[in-house]
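Chemist: Dropping a structure here in structure tokens format, bear with me for questions.
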């Protein structure tokens, strides 16, 4: 049976750019919708914000190395043929 996987990224503070006001909130809202309305299990939804907690004991800080780490984990260990991966940024 196919699964749905979600990565929701929200970054309010970029170096050298004006801070955003709602990126973290938007990412949280997307993650919440997938869990609450779409019924995706919480362990298949990864929230990456400057304030998000660890996911499965691994960091979720939204930088390039962490994002690439999670893509690699999903590709090698979790996502299977026929699954869907949503990425919100």
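The values are calculated or read from the model by the stated rules, or taken from the named source; none is laboratory data. Computed from a predicted structure; not experimentally measured. Quick reminder, even Gly has a Cβ in these numbers, built from the backbone with ideal geometry, and neighbours come from all protein chains shown.
Chemist: Could you look through the range 32-42, keep only residues that are touching a strand residue (DSSP E or B) at 6+ places or on another chain (Cβ under 8 Å) and free of Cβ contacts under 8 Å to residues at least 40 places away in the same chain, and pick out the one that is nearest to residue 74 (Cα to Cα)? Let's see the steps before the verdict.
Modeler: Applying the first criterion (touching a strand residue (DSSP E or B) at 6+ places or on another chain (Cβ under 8 Å)) to the range 32-42 yields 34-35, 38, 40.
Applying the additional criterion that residues be free of Cβ contacts under 8 Å to residues at least 40 places away in the same chain yields 35, 38, 40.
Details: 35: 18, 38: 20, 40: 15 Å.
Among residues in the range 32-42 that are touching a strand residue (DSSP E or B) at 6+ places or on another chain (Cβ under 8 Å) and free of Cβ contacts under 8 Å to residues at least 40 places away in the same chain, the one nearest to residue 74 (Cα to Cα) is 40.
Chemist: Out of all the residues in the range 79-89, which are surrounded by 15 or more Cβ atoms within 10 Å (Cβ to Cβ) and outside any loop (DSSP other than H, G, I, E, B)?
Modeler: Within the range 79-89, 85, 88 qualify.
Chemist: Does the range 4-15 contain at least one residue that is more than 11 Å from the chain's Cα centre (by Cα), outside any strand (DSSP E or B) and in contact (Cβ under 8 Å) with a residue 40 or more places away in the chain?
Modeler: To start, the set of residues in the range 4-15 that are more than 11 Å from the chain's Cα centre (by Cα) comprises 4, 11-15.
Next cut, outside any strand (DSSP E or B) only: 11-15.
Imposing the further condition that a residue be in contact (Cβ under 8 Å) with a residue 40 or more places away in the chain reduces the set to 11.
There is at least one residue in the range 4-15 that is more than 11 Å from the chain's Cα centre (by Cα), outside any strand (DSSP E or B) and in contact (Cβ under 8 Å) with a residue 40 or more places away in the chain.
Okay, residues lined up against (1) touching a helix residue (DSSP H, G or I) at 6+ places or on another chain (Cβ under 9 Å); (2) farther than 22 Å from residue 2 by Cβ; (3) exposed (fewer than 11 other Cβ atoms within 10 Å of the Cβ):
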| site | (1), (2), (3) |
| --- | --- |
| 29 | no, yes, no |
| 35 | yes, no, no |
| 40 | yes, no, no |
| 45 | yes, no, no |
| 52 | yes, yes, no |
| 63 | no, yes, no |
| 70 | no, no, no |
| 74 | no, no, no |
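Chemist: Follow-up question, since we're still on this one. Taking the criterion of being assigned to a helix (DSSP H, G or I) and modelled with pLDDT under 95, would at least one residue in the range 57-64 satisfy it? Give the steps one after another, and end with the answer.
Modeler: First pass over the range 57-64, keeping only residues assigned to a helix (DSSP H, G or I): 64.
This time we only want the ones that are modelled with pLDDT under 95, so: 64.
Yes: the range 57-64 contains one or more residues that are assigned to a helix (DSSP H, G or I) and modelled with pLDDT under 95.
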